[in-house]
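S.K.: Dropping the structure in here first, questions after.
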Amino acid sequence: QQKVQQSPESLSVPEGGMASFNCTSSDRNFQYFWWYRQHSGEGPKALMSIFSDGDKKEGRFTAHLNKASLHVSLHIRDSQPSDSALYFCAASETSGGNYKPTFGKGTSLVVHP
Amino acid sequence: EAAVTQSPRNKVAVTGGKVTLSCNQTNNHNNMYWYRQDTGHGLRLIHYSYGAGSTEKGDIPDGYKASRPSQENFSLILELATPSQTSVYFCASGADWGRDTGQLYFGEGSKLTVL
């Protein structure tokens, strides 16, 4: 069973719109979450982390974590065509030290003009 | 910016042949990882290392070996390559302490085709 599930598989939003991604862990040991973004032909790059309950905002990106349900979401406001990419959620048992992140299958985002 | 370099970027191998994928990082990170990326599966962890001289099995280690001879270098070895190992392989490094602990820095990927 996939320990980190992401939804939806794909998403299309208009330029200037809001893109929203969901991620749930089935392993209660996974308490620390990262979001990564991968443009075509490149390696994934980290967007932001979230380790505490509630919201965390960085520019146009907002992450939300509910530790009780192990559900984390990512929202991109004012989406731009350059945001078109594959978005991954990654979960770990620890925030540092000896960690081994487990990734979800990803959500493909297309931002159309 | 942290730097992770993979080689080769593209490789065509024959079934039964030996393949070595190399990774070098200049970040001075203790942690290094090998993932493979396949459509419909996302990124899956093959092997990882928490320091020079150590390697650990990830979630899908069968058919792969790893070697970490130094802080900077981490190799993935396919002793007997099979077509099912056709994939894009990503190496990553991560700090185990400090400001960016927990964050992975990925290379650009190595595309392997096994015929």
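S.K.: Between residue A:98 and residue A:3, how high is the FRET efficiency from 1/(1 + (r/R0)^6) when r is the Cβ-Cβ distance and R₀ = 25 Å? Nearest 0.05.
M.R.: 0.90
S.K.: Roughly how many debye, to the nearest 20, is the charge dipole of the stretch A:45-113 about its Cα centre, given +1 on each Lys and Arg Cβ, -1 on each Asp and Glu Cβ, and no other charges?
M.R.: It comes to approximately 100 debye.
S.K.: Report the FRET efficiency, 1/(1 + (r/R0)^6), for residue A:11 and residue B:3, where r is their Cβ-Cβ distance and R0 is 41 Å, rounded to 0.05.
M.R.: E between residue A:11 and residue B:3, to the nearest 0.05, is 0.85.
S.K.: Count, for each residue of B:81-92, the Cβ atoms from other chains sitting within 10 Å of its Cβ, then give me the mean as a whole number.
M.R.: 1
S.K.: I would also like to ask the following. Where in the stretch B:1-104 are there chymotrypsin sites (Phe, Trp or Tyr not before Pro) that are in a DSSP coil and have at most 15 other Cβ atoms within 10 angstrom of their Cβ?
M.R.: Of the chymotrypsin sites (Phe, Trp or Tyr not before Pro), the ones in loops of the stretch B:1-104 whose Cβ has at most 15 other Cβ atoms within 10 Å are B:97.
S.K.: What is the distance, in nm, between label points placed 7 Å from the Cα along the Cα-to-Cβ direction at residue B:28 and at residue A:80?
M.R.: My value for the distance between the label points is 3.3 nm.
S.K.: Could you give the length gained on full extension between residue B:52 and residue B:39, defined as 0.36 nm per residue of separation minus the Cα-Cα distance, in nm?
M.R.: So the chain would gain 1.5 nm between residue B:52 and residue B:39.
S.K.: Find how many whole Å separate the alpha carbon centroid of the stretch A:1-67 from the alpha carbon centroid of the stretch B:65-115.
M.R.: So the separation of the two Cα centres works out to 23 Å.
S.K.: Below 8 Å, C-alpha to C-alpha, sequence gap of six or more: please give me the relative contact order for chain A in percent.
M.R.: In percent, rounded to a whole number, it is 37.
S.K.: Find how many whole Å separate the alpha carbon centroid of the stretch B:1-55 from the alpha carbon centroid of the stretch A:72-113.
M.R.: Centre-to-centre distance over Cα atoms comes out at 20 Å.
S.K.: Counting other Cβ atoms within 10 Å, which trypsin sites (Lys or Arg not before Pro) in the stretch B:1-46 have at most 14 and lie in a DSSP loop?
M.R.: B:9, B:18
S.K.: Once amide H atoms are built 1.01 Å from N in the peptide plane, which residues 5 or more positions from residue B:96, or in another chain, come under 5 Å H to H?
M.R.: B:30, B:31
S.K.: Compute the distance in nm between two label points, each set 7 Å from the Cα along the Cα-to-Cβ direction, one at residue B:10 and one at residue B:59.
M.R.: Modelled inter-label distance: 2.9 nm.
Values quoted throughout were computed directly from the atomic coordinates according to the rules given, and no laboratory measurement underlies them. From a predicted model like this one, the values you see are computed outputs, not experimental measurements. A quick note on method: Cβ atoms are made from the backbone with ideal geometry, for glycine too, and the neighbour counts reach across all protein chains shown.
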